[in-house]
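One structure is given here, and the rest of the page talks about it.
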Amino acid sequence: MFYQEQYWQEKIIVNDDSRAREHFDNLKDIIPPNACVVDFGCGDGQFAIVAAKMRPDARILAIDKSDMAARDVRASGAKFAENWSADFTAIDLLYASHSVEHVPDINEFFHEASSRVSVDGYFFLEVPNVANISICMGNGHVPHTYMFSEDSFRMMARRFGFDFIGASIAGKPWPGSDVLWHLRVLLRRNGAPMSANRQF
């Protein structure tokens, strides 16, 4: 499941769009005219809202289970859905910030993403940066169902028809560590068929 209401009730939603704007500024040059942009697991919806404001020519869809997100996203002019929409099947940019670590089946998710992102379309991911075992074991990750490293995404890219474009780290350090919090990855759909063996 994505961010459920019981998860967001434990957080203070401050509607701070600074990180969403930073992401949009970094990605804007790869978003073509009249693009289809999907914000998967949109949380408080800030990226979809920023994208809708900055690119009124684009079709923007935010996906999440949260009614809180639905209200704000729809007010921005973007569309909102609780699951993948049949109207958004040729995606130019699939954006997933701190959401794929919550999905119940990562292979199923990447299969769906690969089938929906257009050839030469992009897939941006941001996840907790689990750079070593001490970070994985020494910090609370509930409700995370998966932990990823850069190598994880290189492997998934090969298996699901994406090129690995690059990765970076950002944010504050993990508690008691000098490793920065966020791992950011950019993939591009290359049109290759998905591997028949999609299991880890």
Excluding Ala35 itself, what net charge comes from residues whose Cβ is under 9 Å from its Cβ, given Lys and Arg +1 and Asp and Glu -1?
0
Using a Cα-Cα cut-off of under 12 Å, which aspartates and glutamates could be cross-linked to Lys65, ignoring same-chain neighbours fewer than 8 residues away?
Glu5, Asp44, Glu82
Relative contact order of segment 35-189 (C-alpha contacts under 8 Å, at least 6 apart) in percent is 20 percent
Search the structure for amide H atoms under 5 Å from the amide H of Asp163, placed 1.01 Å from N in the peptide plane, and list their residues when 5 or more places away or on another chain.
Arg188, Arg189, Asn190
What list of whole percents do you get for P(r) of segment 35-189, with Cα-Cα distances grouped in 5 Å bins up to the one holding the largest distance?
2, 10, 18, 21, 20, 16, 9, 4, 1, 0
Given H placed 1.01 Å from N in the peptide plane, which residues other than close sequence neighbours of Cys42 have an amide H under 5 Å from its amide H?
Ile63, Asp64
Calculated from backbone phi, Karplus (6.51, -1.76, 1.60) coupling profile of segment 96-113 in Hz, x at Gly/Pro
9, 9, 6, 10, 5, 6, 9, 6, x, 9, 5, 5, 4, 5, 5, 4, 5, 4
Determine the sum of side-chain charges near Gly121: Lys and Arg each +1, Asp and Glu each -1, restricted to other residues whose C-beta is under 12 angstrom from that of Gly121.
0
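Each value in this text was obtained by applying a stated rule to the coordinates, not by laboratory testing. Since the structure is predicted, the reported quantities are computational estimates derived from the model, not experimental observations. So basically every Cβ, Gly included, is an ideal-geometry build from the backbone, and we count neighbours across all protein chains shown.
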